[in-house]
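The values are calculated or read from the model by the stated rules, or taken from the named source; none is laboratory data. These numbers were taken from a predicted model, which means no experiment stands behind them. Every residue, glycine as well, gets a Cβ built from its backbone with ideal geometry; the counts of neighbours run over all protein chains shown.
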C-alpha cells in the first residue's frame, strides 16, 4: 500500500480514514451525525462502530478537534480501565507504551442498545474511531448520550513516567505500588 489513506482504508473500510480539510473539522460522513458510509458500520457523535456482533476491527482511530488523528492496533491494546467520574484509560504497548485518556460522559451507555465504548465496544474490538466533540455538539447531546470532551495521548519509555503523567492528568487511575 502506497500511502496512509490506502492503509487506513484497508484497516477501517472505505471512507473511515478521511481527514478534515484544514480548519474545517471532520467531514459530515465521519462526524457521527447518523450518516452511515457502509451498511456494516454505524456511528453516534462520539464514536463509530461495527454493527455485527462478531465483526472485529484491526485498529482504532482517535480523532482530535484539531484534525489530527492517531491509529492504534487492537493487538497492542493490553488493558484499559474505566472510572465514570474520570473517563476511560487505554494502554497500548509496542516499542513504547502509549496511554490514551478519553474524558467524557456516559461512556458506558449503549448507543441504540447495541454498543458502548467499554464492554460492548473496545473490549470486543468493534470501535472504529473515537472523536473529540466540539462545544456545540456537547451542548446538543442528550443526557443519556455518550460524549467525548477530550482525548489525551502520551508515550512512555518507563513505568515511572506513566505514573507521573497519571498523577497529573488522572490521579484516580494511579495504583499504589506493591
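Just to be sure, is residue 71 modelled with pLDDT under 95, assigned to a strand (DSSP E or B) and either closer than 23 Å to residue 153 by Cα or within 12 Å of the chain's Cα centre (by Cα) (or both)? No; evaluated as a whole, the condition is false for this residue. If you go through the range 137-178 and keep only what is surrounded by fewer than 15 Cβ atoms within 10 Å (Cβ to Cβ), under 20 Å from residue 85 (Cβ atoms) and in contact with a strand residue (DSSP E or B) (Cβ under 6 Å, 6 or more places away or on another chain), you end up with 149, 150, 172.
Listed here are the residues, each with its yes/no results for (1) without any contact (Cβ under 8 Å) to a residue 60 or more places away in the chain; (2) at positive phi; (3) part of a strand (DSSP E or B).
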residue: 80; (1), (2), (3): yes, no, yes
residue: 100; (1), (2), (3): yes, no, yes
residue: 113; (1), (2), (3): yes, yes, no
residue: 124; (1), (2), (3): no, no, no
residue: 129; (1), (2), (3): no, no, yes
residue: 138; (1), (2), (3): yes, no, no
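Would you check which residues across the range 122-135 are crowded, with 17+ Cβ neighbours inside 10 Å and over 12 Å from the mean Cα position of the chain (by Cα) and list them? Before the answer, list the steps.
First pass over the range 122-135, keeping only residues crowded, with 17+ Cβ neighbours inside 10 Å: 122, 124-133.
Hit for the range 122-135 is 124, nothing else.
Of all residues in the range 44-68, which are free of Cβ contacts under 8 Å to residues at least 60 places away in the same chain and either surrounded by 20 or more Cβ atoms within 10 Å (Cβ to Cβ) or part of a strand (DSSP E or B) (or both)? Across the range 44-68, the qualifying residue is only 59. Taken over the range 82-92, the criterion of being surrounded by 15 or more Cβ atoms within 10 Å (Cβ to Cβ), in a strand (DSSP E or B) and over 10 Å from the mean Cα position of the chain (by Cα) is satisfied by 82, 87, 89, 91, 92.
Collect the residues in the range 157-178 that are in a helix (DSSP H, G or I) and in contact with a helix residue (DSSP H, G or I) (Cβ under 8 Å, 6 or more places away or on another chain), keeping them in residue-number order. 166, 173 - these are the residues of the range 157-178 that are in a helix (DSSP H, G or I) and in contact with a helix residue (DSSP H, G or I) (Cβ under 8 Å, 6 or more places away or on another chain). Per the conditions (1) farther than 19 Å from residue 53 by Cβ; (2) not in a loop (DSSP other than H, G, I, E, B), the sole criterion not satisfied by residue 144 is (2). Only one entry in 95, 119 is surrounded by fewer than 21 Cβ atoms within 10 Å (Cβ to Cβ), modelled with pLDDT under 95, assigned to a loop (DSSP other than H, G, I, E, B) and over 12 Å from the mean Cα position of the chain (by Cα), namely 95. With respect to the conditions (1) farther than 20 Å from residue 68 by Cα; (2) touching a residue at least 60 places away in the same chain (Cβ under 8 Å); (3) assigned to a loop (DSSP other than H, G, I, E, B), residue 108 falls short on a single one, namely (2).
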